[in-house]
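The values are calculated or read from the model by the stated rules, or taken from the named source; none is laboratory data. Predicted model only: the values in this text are computed from it and were never measured. With ideal geometry, Cβ positions are generated from the backbone for all residues, glycine too; neighbour counts draw on all protein chains shown.
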Amino acid sequence: MIEIQDLFKTFKLSRKQRKEIGTEHEGGLAHAVAGISLTCRPGRIFSLPGPHGAGKTTALRMNATLLKPSSGSIKVCGYDTQSDPIEVRKRIGFLTGSTKLYDRLTPIEVVKFFADVYDVDKATFERRVDELFTTLDMHDFANKRIGKLSTGMTQKVSIVRTMIHDPDVLVSGFVTIGSLYLGTQFLDKGSGEINKAVNSLLEPTTIIAVIALLLPVTAFFAAIALAISVYCKSFKEAQSLLAPLIMVAILPLGASMLPGIELTAKTALIPILNVSLSIKAIIAGTAQKFHLFLVYGSLTGIALVSLYLCSKMFNRESAVFRN
């Protein structure tokens, strides 16, 4: 996750630079980045478009701890880029079009160098190399010198050295025909991951977790439906009350699909919405036990209270049945 608040970066221009640029920048200062604020949440792709000179690369370099902001803050996975730069670097992969590789080294040697920098153990390194080299079809030139590789092959090496430590955040500063081609290969692999996710839905633990969440919800709506049937004296009157009840069930489902709404300690206490968010988190594999316990506890409490009140209403409204 990336959180940027009021980010500014100002460069002081030399006399030569002021002459070249002219009077565009007053006071001998160039404001490369002026007040950027954004949030990029996990599992999402965030694009930062803009014309040449808009400050995109400068912003990305500050995000990668290569430059220090003049003011503002950047947090990556909860760590500040200025106070915890080492922790940030452990969690990001930074890829730019200007990154140079050593011509006399082979792809496997370059990747091994960066793996050692990130302190990747031998077993993980071998597994990641096999995965990435297979995905990008790199085994044929794994031991050829970088200087003899084509542009597309070199881009593949750059991508692998960026991802060898399996970063939480991937920052890319260029888009070319070659990288788009590589993106399609990753999408092909992603389709296989989707199949795995679908198969995981059939696992007993997932099914049990979803059923456990739906049981108190079912009891809650059943209690309300029974109460309406007792209270109303006609089918038309019951219909007028059931329509809002259906909307209460549907609206939270739509809200849970909105970007930025995730299962947290706060949303876990919002009835109905917490069910949709819980199921989404279970499917994505990001659900935390503490949040699920909060959801189940709150739902069970509401269901029990609803059933109790419903039973009281049955006793009070027993005269309706005699009519």
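Select, from THR151, THR135, the only residue that is surrounded by fewer than 16 Cβ atoms within 10 Å (Cβ to Cβ) and either assigned by TED's automatic domain parsing to the domain that holds ALA34 or β-branched (Val, Ile, Thr) (or both).
Just one listed residue meets the conditions, THR151.
I'm trying to understand the selection: among the residues of segment 44-57, which are over 26 Å from ALA30 (Cα atoms) and loosely packed, with under 10 Cβ neighbours inside 10 Å?
Answer for segment 44-57, where residues must be over 26 Å from ALA30 (Cα atoms) and loosely packed, with under 10 Cβ neighbours inside 10 Å: just ILE45.
Count, please, the residues in segment 119-172 that happen to be outside any helix (DSSP H, G or I) and not small (Gly, Ala, Ser).
Total satisfying the criteria: 18.
Can you confirm whether segment 98-110 contains a residue that is surrounded by fewer than 14 Cβ atoms within 10 Å (Cβ to Cβ), more than 18 Å from SER172 (Cβ to Cβ) and touching a Phe, Trp or Tyr at 6+ places or on another chain (Cβ under 7 Å)?
Scanning segment 98-110 turns up no residue that is surrounded by fewer than 14 Cβ atoms within 10 Å (Cβ to Cβ), more than 18 Å from SER172 (Cβ to Cβ) and touching a Phe, Trp or Tyr at 6+ places or on another chain (Cβ under 7 Å).
Could you say whether any residue in segment 62-84 is of a type in the set (Phe, Trp, Tyr) and more than 22 Å from TYR118 (Cβ to Cβ)?
No: zero hits.
With respect to THR184, determine if the residue is at pLDDT below 90 and surrounded by 15 or more Cβ atoms within 10 Å (Cβ to Cβ).
no
Would you pick out the residues in segment 77-86 that are of a type in the set (Asp, Glu) and surrounded by fewer than 16 Cβ atoms within 10 Å (Cβ to Cβ)?
Answer for segment 77-86, where residues must be of a type in the set (Asp, Glu) and surrounded by fewer than 16 Cβ atoms within 10 Å (Cβ to Cβ): just ASP80.
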